[in-house]
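Here is the structure we will look at.
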Amino acid sequence: MEIQEGEIRRLLMADDTAHDLKIVTGHLQDAGYKVYLASDGKTAINQAARVRPLVILLSIKLNGFNGFKVCRELKKNGNTSAIPVIFLTPPG
């Protein structure tokens, strides 16, 4: 996916850990990205369809739907199926 000049670089990050959201969001915003947040699976699916981000950073552990189920739902939807998903997993 090519980014056009002046286009807002949108990312969606879905994680149910406020600390992780804060740390990663800060770095991404400093790099010039507009970051949308979701703290549960259902919100992540709805946000992805509404925002159409360039990429989704998706925690495997989420409240409600886990990250794998969220990814399956996103890939079944024609509006979100082409959005790349990067899975995040907690250390340890």
For region 15-62, inverting the pair-averaged 1/r of distinct alpha-carbon atoms gives a Kirkwood value in Å of 11.1
For the chain, what is the largest minus smallest coordinate of the Cα atoms on each principal axis, given in angstrom and ordered from greatest to least?
37, 31, 19
Test of understanding: what is the full-extension gain from A31 to R50, defined as 0.36 nm times their sequence separation minus their Cα-Cα distance?
4.6 nm
Per DSSP H run of n ≥ 4, the term is -39500 (n - 2.57); total these for the chain, divide by its residue number, and report the mean residue ellipticity at 222 nm rounded to 500 deg cm²/dmol.
-11500 deg cm²/dmol
Estimate the FRET efficiency between H19 and A82 by the formula 1/(1 + (r/R0)^6), using the beta-carbon distance for r and 25 Å for R0, to the nearest 0.05.
0.20
Compute log10 of I(q)/I(0) for region 40-92 with the Debye formula, placing one identical point scatterer on every Cα and leaving out solvent, at q = 0.20, 0.30 Å⁻¹, to two decimals.
-0.60, -1.30
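Any read-out appearing in this document is the output of simple, stated calculations on the displayed coordinates, not a laboratory observation. Keep in mind that what you see is a predicted model, and the values were worked out from it rather than measured. Positions of Cβ are generated from backbone atoms using ideal geometry, with glycine treated the same way; all protein chains shown enter the neighbour counts.
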